[in-house]
Structures are given as C-alpha cells and as structure tokens.
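Everything on this sheet refers to the single structure shown next.
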Amino acid sequence: MTLRNTSFFFSALSIALFAALPVSSAQAQDIVLGASVQLTGPLANTGRYYRDSYQLAIDKINAAGGVKVGDKTEKLALKLYDNQSDVNLSVRQYTELVSQDKVNMLLGPFASNFAIADSAVAEKYKIPMVQGGGASDQIFARNFKYIFGTLAPASDYFGSTIKMLKQLKPDPKTIALLYADDAFDVSVANGTRPMLKAAGFDIAMDERYSSDATDFNTLLSQIKSKKVDVVLVAGHETEILNFVRQAKSLAVAPKMYSFTVGVPSEDFRKALGADANYAFGMTAWLPSAKLKDRWFGDAQKFATEYKAKYNYDPDYHAASGVATVETIVQAIENVGTTDPQKVRDELAKIKFDSLYGPIAFQKNGQISLPQTVIQVQDDKVAEVYDAKGFVQPPKYPMPAWNAR
C-alpha cells in the first residue's frame with residue numbers, strides 16, 4: 001500500500017468511526033436519554049429538529065434545577081447517534097444504546113419507518129421510548145407496551161381538511177389522492193380514502209408512487225386532463241417541492257392542493273418563494289402563547305428561544321420533540337424513580353399540559369390531537385381552519401399560474 005493510499009485509508013476509517021460515535025456524552029450520575037436521529041443523509045433536514053429540540057429541552061430542564069427523583073435532584077444528559085438516514089443502522093444504534101450504553105430511557109428517531117423498526121428494540125429490552133417523529137398507525141397497531149408517540153395518527157391527517165372542503169365555495173367535487181409508498185404515507189391514504197367517500201367526494205385518482213420520486217409529470221398530466229378540483233398529497237418535502245415546481249411548469253392549477261408536509265416549514269417557503277402561496281397543509285401545533293409550559297413558559301416563548309439558538313423557526317416536529325423529553329421527565333418525577341417498568345406504567349396514564357398541547361396517550365400509546373388546516377398566504381403561514389371551524393378565510397380557489 002502506498003503512502004498516499006495509506007493516508008486515504010486511515011482518513012476514510014476515521015470518518016467511518018466518527019459517524020458511529022455518539023455526538024454527546026454523559027456523566028455517570030445523570031439520567032441519560034438515548035436516541036438515534038438523522039444528522040446526515042437525505043432525512044437530515046428534518047432530523048435536525050429532533051437533535052435540536054432534544055438538546056434545548058434538556059438544557060432548559062437542567063437550568064431549572066434538573067429532575068426531581070424522589071428526595072434527590074438529578075441532571076439530564078443526551079446520548080445521540082447519527083443513523084445517517086439508514087434504518088438498519090438506526091436499529092443497531094438503539095440496540096447499542098440499551099445494551100452497551102445503558103441509557104435510562106429512549107427518545108425517538110424521525111420518520112415512521114424508523115420508529116416502526118426502532119420501537120421493536122424498546123419492546124425487546126423493556127425500555128420506554130417516547131417518540132415524536134413517527135405518526136403511522138402501524139407503529140401502534142402491534143400491542144407494544146413500551147412505545148409512546150406525540151404525533152397524532154397519520155390516518156387522520158387530512159380529517160380537518162376534508163371537513164373544510166365540505167364548506168368551500170365553489171364546491172369541490174373531484175379529488176386526487178396521491179401518496180408515497182412508505183409507512184406514514186400509506187397510513188395517511190388508508191385513513192383518507194374512507195373519509196372522502198363518507199363525505200361524498202368523487203375520488204378521481206388514487207395513485208401510489210415510489211418514495212423519493214422526482215418526476216410527477218405523468219400524474220400532473222392526469223390531474224389536468226381529468227380536471228380534478230382538489231389534490232391531496234401525502235409525501236416527503238423534497239417530493240412536494242418537485243410536485244409544485246412541475247405543476248407550475250405544466251400549468252396545472254387545480255382549485256386547491258394540500259400536502260402532509262412542507263407547508264409548516266420555513267425551508268419549504270424559502271425554497272419555493274412566491275410559488276409556495278396558496279398551498280394548504282396541516283399542523284397539530286402553532287407557537288401560541290395560550291399553550292402554557294412548565295419550563296418554557298408558553299409555546300410562543302419556546303419558539304422565540306429556539307429561533308435565537310438555532311437560527312431557524314421551529315415547526316411541529318421541534319415542538320413534538322420537546323414534548324417527548326418533557327413527558328419522560330414528568331413521568332419520572334410522578335413516580336419518583338427511573339425504574340423502566342414504573343415509568344412505563346406512569347406514561348400510560350400521564351396527563352399534563354405542555355407547549356405542544358395536552359399530553360395524554362390513548363390505550364395504544366399514541367396521542368390524539370386535532371390537525372389545524374394552514375395555508376401559505378402572502379409568503380406566510382396562515383391558520384385557516386381548526387376544530388371550531390374557519391379561523392380566517394382561505395385563498396380559494398387557487399388562480400392559474402399565469403394569473404398570479
């Protein structure tokens with residue numbers, strides 16, 4: 001082996017070893033929360049919400065004195081691995097967290113397919129995992145006892161949107177339902193389909209596409225030829241960006257389109273600029289001062305602190321991530337121990353208010369929170385429709401691209 005090849009070999013080896021190492025360490029006396037999230041790879045843009053929210057919540061709780069465990073107070077620590085957007089690596093890292101690192105409790109990854117796989121580790125080792133990154137109904141359909149989730153069921157993501165559709169004028173009649181082939185988006189479609197039929201809508205298109213698809217020209221051409229009124233898309237943010245750009249290129253402008261992801265995100269609006277306007281989406285969380293929180297004061301103060309620290313706005317992913325940390329802490333304090341079984345039993349019945357909203361889990365371990373319909377209006381996110389009805393008028397129908 002030449003000197004040059006030797007240097008390259010050890011450089012590559014160093015990178016590989018660094019990627020496998022945790023990005024933070026803990027003291028022996030700390031309560032250690034372990035997680036594997038996407039810090040690199042195609043899902044890193046959303047994975048960062050979880051890394052940042054976990055650390056901010058832990059720092060905030062520690063600054064307030066830490067966690068009261070019986071008659072003692074202990075600090076929190078985070079042991080975090082980068083799964084490189086690889087679900088198999090994520091499973092191995094969660095196994096290492098519980099079997100070698102001996103963390104006390106688990107926080108979750110981002111994305112439902114990761115949560116499905118990783119929660120099996122929590123169940124095997126009987127270590128509670130509270131995760132805020134996976135909403136697929138499949139995660140909670142296996143009668144697992146050690147998985148709890150702070151995202152509402154994927155099957156109901158379009159529920160509030162469909163209720164709003166019934167009240168729009170002119171009446172939308174035909175719907176295109178498009179969805180990626182991963183666990184989350186399939187759950188969305190399986191829940192949306194019967195709700196659309198029950199509401200009396202004609203499902204003109206019901207199409208499943210490959211995750212990470214880049215070409216939507218065929219689907220958009222069908223939408224145009226069928227003169228579909230409303231397009232509902234369950235996919236990933238990169239897919240949604242491509243969909244909107246190609247819709248503009250092909251001059252496809254239905255009365256309305258709504259997406260499961262993207263619209264709440266600052267990155268989405270920056271990427272599309274003015275072309276993000278008129279897009280509908282949904283969120284279970286908005287930074288309202290009405291959402292009180294023991295550690296941050298309220299959700300608005302949290303959002304301000306988050307933006308100041310990380311230089312980007314939090315969305316529901318970040319709020320959900322903070323809620324998972326707070327939930328574990330509240331459960332530990334309620335039972336006065338870090339014993340996994342006792343904490344698990346407390347999580348099953350826990351009830352408290354957080355910056356994310358009221359925390360209480362259903363029997364299957366998943367939270368139930370209503371989705372608020374939002375829309376990009378004048379380059380900003382506007383709250384349009386919630387559980388009580390219209391909050392403010394939607395911009396509907398969407399104008400043709402050449403009329404904007």
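Each value in this text was obtained by applying a stated rule to the coordinates, not by laboratory testing. These figures come from a predicted structure and were not determined experimentally. Positions of Cβ are backbone-derived with ideal geometry, glycine not excepted, and every protein chain shown enters the neighbour counts.
Would you work out the charge dipole size for the chain about its Cα centre, treating the Cβ of every Lys and Arg as +1 and the Cβ of every Asp and Glu as -1, and quote it to the nearest 20 debye?
Details: 44 positive and 43 negative charges, 122 e Å.
The calculation lands at about 580 debye.
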Given pairs LYS290/LYS388; LYS102/LYS349; LYS270/LYS307; LYS145/LYS342; LYS227/LYS380 and cut-off 19 Å on Cα-Cα distance, the over-length ones are LYS102/LYS349; LYS227/LYS380
Ranked by GNM mean-square fluctuation in the chain (Cα springs under 10 Å), the top entry among ALA198, ALA276, ALA35 is ALA198
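Nearest 500 deg cm²/dmol is fine: what mean residue ellipticity at 222 nm does the chain get from its DSSP H runs of n ≥ 4 alone, each adding -39,500 (n - 2.57), divided by its residue count? Present the calculation step by step, with values, prior to reporting the outcome.
Working: 12 runs with 160 residues, N = 404.
It comes out at -12500 deg cm²/dmol, rounded to the nearest 500.
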Mean-square fluctuation maximum in Gaussian network of the chain, Cα pairs under 10 Å, restricted to ILE203, ILE127, ILE139, hits ILE203
Projecting the Cα atoms of THR372, ALA152, GLN38 onto the charge dipole of the chain, where Lys and Arg contribute +1 and Asp and Glu -1 at Cβ, the residue farthest towards the positive end is THR372
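Name the helices (complete DSSP H segments) of the chain with a Cα length along the long axis of 27 Å or more and a Kyte-Doolittle mean of at least 0.5, or state none. Show your work: numbers first, answer last.
On the way: long enough: 44-63 (28 Å, -0.90); 316-335 (28 Å, 0.60).
Answer set is 316-335.
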Semi-axes a, b, c in Å (a largest) for region 286-390, each sqrt of 5 times a Cα gyration tensor eigenvalue, come to 28, 17, 11
For region 87-140 the mean separation of alpha carbon contacts under 8 Å (6+ apart) over residue count, i.e. relative contact order in percent, is 39
The set of residues whose placed amide H lies less than 5 Å from the amide H of ASP206, leaving out same-chain residues fewer than 5 positions away, is LEU177
To the nearest 20 debye, region 134-279 has a Cα-centred charge dipole, built from +1 on Lys and Arg Cβ and -1 on Asp and Glu Cβ, of 560
If one builds a Gaussian network model of the chain from Cα atoms under 10 Å apart, the most fluctuating residue listed among PHE216, PHE184, PHE280 is PHE216
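Figure the gain on full extension for PHE390 and GLN167 (residue separation times 0.36 nm, minus the Cα-Cα span) and round it to one decimal in nm.
Details: separation 223, 0.36 × 223 = 80.28 nm, distance 0.93 nm.
Between PHE390 and GLN167, full extension yields 79.3 nm more.
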With 0.36 nm assigned to each residue of separation and the Cα-Cα distance removed, ASP298 to LYS227 gains 21.1 nm
DSSP beta bridges in the chain: the antiparallel percent, rounded to 5, is 40
With a Förster distance of 45 angstrom and the Cβ-Cβ distance between LYS290 and TYR125, calculated FRET efficiency to the nearest 0.05 equals 0.70
Between the residues ALA303, GLN341, ALA323, the Cα farthest towards the positive end of the dipole of region 257-395, that dipole coming from +1 and -1 charges on the beta-carbon of Lys, Arg, Asp and Glu, is from GLN341
Expressed in nanometres to one decimal, the distance between label points 7 Å along Cα→Cβ at THR218 and GLU333 is 5.5
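Normalised by the residues of the chain, what does the relative contact order come to in percent, with Cα pairs under 8 Å and at least six apart? Mind showing how you got there, number by number?
Details: 837 pairs, mean separation 68.5, N = 404.
Reported relative contact order: 17 percent.
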